[in-house]
């Protein structure tokens with residue numbers, strides 16, 4: 001049985017040479033990212049949850065509502081499922097203005113407080129100025145914001161997003177990501193977000209499900225999943241840890257910000273986030289090195305005492321990935337196998353980390 | 001030189017026939033085109049071929065079979081007799097049925113192309129916004145297919161105005177009842193009334209040119225609106 005408010009998705013699809021078999025439990029709030037290479041079955045999962053495709057055998061239970069249960073011969077058509085769906089490419093109705101697009105679902109969802117719901121969706125996505133326009137006159141980023149607002153206006157129980165940024169260039173992605181973060185932080189609606197981008201995963205995910213060839217390869221809270229080194233989800237320069245922290249201090253003279261996390265704190269470039277705000281830090285393994293004693297007299301600002309937890313060979317035989325504990329948090333370091341051997345790094349050994357660069361994801 | 005009463009009657013009848021044919025065709029061609037554009041059924045190819053058949057068949061062949069079908073022993077004739085309407089051959093009703101079948105491909109094809117261009121995505125989007133299939137068809141598919149519908153209407157109208165063989169065989173060229181412009185011109189030529197034939201034939205050339213011009217202008221404009 002699923003716990004209160006959470007969702008259960010069990011699907012079995014066989015199509016041509018492809019087989020998808022997943023069994024997922026999603027938390028009641030937050031963003032669950034479905035991550036995987038193209039062809040891994042991410043979009044199929046989303047379409048089956050929406051009822052746009054029909055799994056041969058399936059159970060789709062969202063909170064207390066059952067949308068599909070083949071044992072009970074139950075299958076609700078898409079239009080009877082209270083969901084929001086944001087497609088990869090612009091999917092606005094070209095014959096309607098932005099406002100009429102927003103009202104299309106609002107009207108049909110029969111919300112009691114329609115005016116308020118619409119205003120809230122418009123404000124949440126910042127599209128007040130676009131209401132009169134035709135979709136053809138919007139930029140790619142604006143279109144996706146309208147599409148998200150249109151989905152939200154139906155007050156969905158579950159918001160499904162199928163690579164909503166994939167069709168946009170880098171600048172447009174950066175324009176939309178803050179809005180998505182805002183949705184995550186302000187809405188109670190759970191979201192299922194499909195992507196193959198490590199950047200979106202690190203910024204948005206609370207919970208992570210990794211798909212490979214139609215199977216679930218890993219699932220769990222995002223920080224733990226990213227810090228796994230035995231079977232890394234990300235490879236190459238994307239390997240790194242995710243830290244949840246709070247802005248603790250800002251140094252006006254040197255334009256730096258100190259972010260405290262469970263186990264220590266890190267200095268990074270000040271980007272204007274006020275003291276007390278919750279932020280995410282991404283620390284890539286390639287930017288972390290290890291020293292036996294506390295480092296002095298070098299340009300690297302961030303030194304953290306820590307203990308070695310485990311290690312695993314990296315893709316290239318010359319390198320090793322090392323997992324270290326800093327208080328309650330986990331960080332990853334990529335060092336050469338020769339240093340690993342020379343420094344005699346064993347699990348439990350106390351060492352110092354030098355962190356050369358930290359990315360603030362907010 | 002002004003047109004004769006007979007000619008005016010033929011013009012009126014032609015416009016009536018073409019308008020009614022267009023109206024009926026839009027109603028029956030739209031669901032056929034919609035189905036053809038989206039289906040994966042094994043009936044797709046045979047139905048598609050059947051709908052296109054009037055495009056390649058000589059009008060006399062079509063007219064001949066229609067005449068047989070509408071006759072007192074034909075399936076259509078038996079039906080209309082049983083309903084108390086008499087037979088359709090050599091009546092305006094028969095002309096209408098003939099025109100609808102003859103112009104069917106001209107209505108189905110533009111709508112089908114428009115539906116194929118729209119693709120299944122807008123209907124999926126509508127479903128995720130709680131629209132029932134029929135609701136989505138009228139609120140999304142039809143408005144998006146509008147250029148195709150307009151093209152279909154114009155082509156059906158023009159093609160009906162321009163038909164000759166089927167009209168002659170099914171209608172019998174009865175003045176005031178089934179004599180349309182094209183058969184009227186034929187009559188004028190048979191009677192060596194070249195001046196009157198010129199008047200009508202010239203009008204037809206002008207009308208057809210205008211229709212094609214309008215179509216190509218509309219296509220250029222809609223191409224600019226499309227992404």
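Taking the criterion of being within 14 Å of chain A (Cβ to nearest Cβ), in a helix (DSSP H, G or I), under 14 Å from the mean Cα position of the chain (by Cα) and modelled with pLDDT under 95, would at least one residue in region B:150-164 satisfy it?
yes
Would you be able to say whether some residue in region A:307-315 is more than 21 Å from residue A:226 (Cα to Cα) and not in a loop (DSSP other than H, G, I, E, B)?
no
Would you tally the residues in region A:66-98 being more than 8 Å from every other protein chain (Cβ to nearest Cβ), closer than 11 Å to residue A:51 by Cα and in a strand (DSSP E or B)?
Of the residues in that region, 3 qualify.
State whether one or more residues within region A:279-287 are assigned by TED's automatic domain parsing to the domain that holds residue A:353 and over 23 Å from residue A:205 (Cβ atoms).
Within region A:279-287 (the criterion being assigned by TED's automatic domain parsing to the domain that holds residue A:353 and over 23 Å from residue A:205 (Cβ atoms)), the answer is no, since none of the residues qualifies.
For residues in region B:108-128 being within 12 Å of another protein chain (Cβ to nearest Cβ) and touching a helix residue (DSSP H, G or I) at 6+ places or on another chain (Cβ under 7 Å), which is surrounded by the fewest Cβ atoms within 10 Å (Cβ to Cβ)?
The qualifying residue surrounded by the fewest Cβ atoms within 10 Å (Cβ to Cβ) is B:120.
Considering only residues of region B:170-198 that are more than 19 Å from the chain's Cα centre (by Cα) and under 17 Å from residue B:15 (Cα atoms), which is surrounded by the most Cβ atoms within 10 Å (Cβ to Cβ)?
Within region B:170-198, the match that is surrounded by the most Cβ atoms within 10 Å (Cβ to Cβ) is B:184.
Consider residue A:300 carefully, then state whether it is over 27 Å from the mean Cα position of the chain (by Cα), in contact (Cβ under 8 Å) with a residue 24 or more places away in the chain and within 16 Å of residue A:229 (Cβ to Cβ).
For residue A:300, the condition - over 27 Å from the mean Cα position of the chain (by Cα), in contact (Cβ under 8 Å) with a residue 24 or more places away in the chain and within 16 Å of residue A:229 (Cβ to Cβ) - is not met.
Please find, within region A:122-143, the residue that is surrounded by the fewest Cβ atoms within 10 Å (Cβ to Cβ) out of those that are within 13 Å of chain B (Cβ to nearest Cβ), part of a helix (DSSP H, G or I) and touching a helix residue (DSSP H, G or I) at 6+ places or on another chain (Cβ under 8 Å).
A:136
In this structure, does residue A:305 turn out to be more than 30 Å from residue A:180 (Cβ to Cβ) and either at pLDDT 90 or above or outside the structural domain of residue A:202 (by TED's automatic domain parsing) (or both)?
Yes: the conditions hold for residue A:305.
Give the residues of region B:129-149 that are more than 18 Å from residue A:100 (Cβ to Cβ), assigned to a helix (DSSP H, G or I) and within 10 Å of chain A (Cβ to nearest Cβ), sorted by residue number.
Listed by number, the list holds a single entry, B:133.
The values are calculated or read from the model by the stated rules, or taken from the named source; none is laboratory data. This is a predicted model, so every value here is computed, not measured. When we count neighbours, we look across all protein chains shown, and the Cβ atoms used for this are built from the backbone with ideal geometry, even at glycine.
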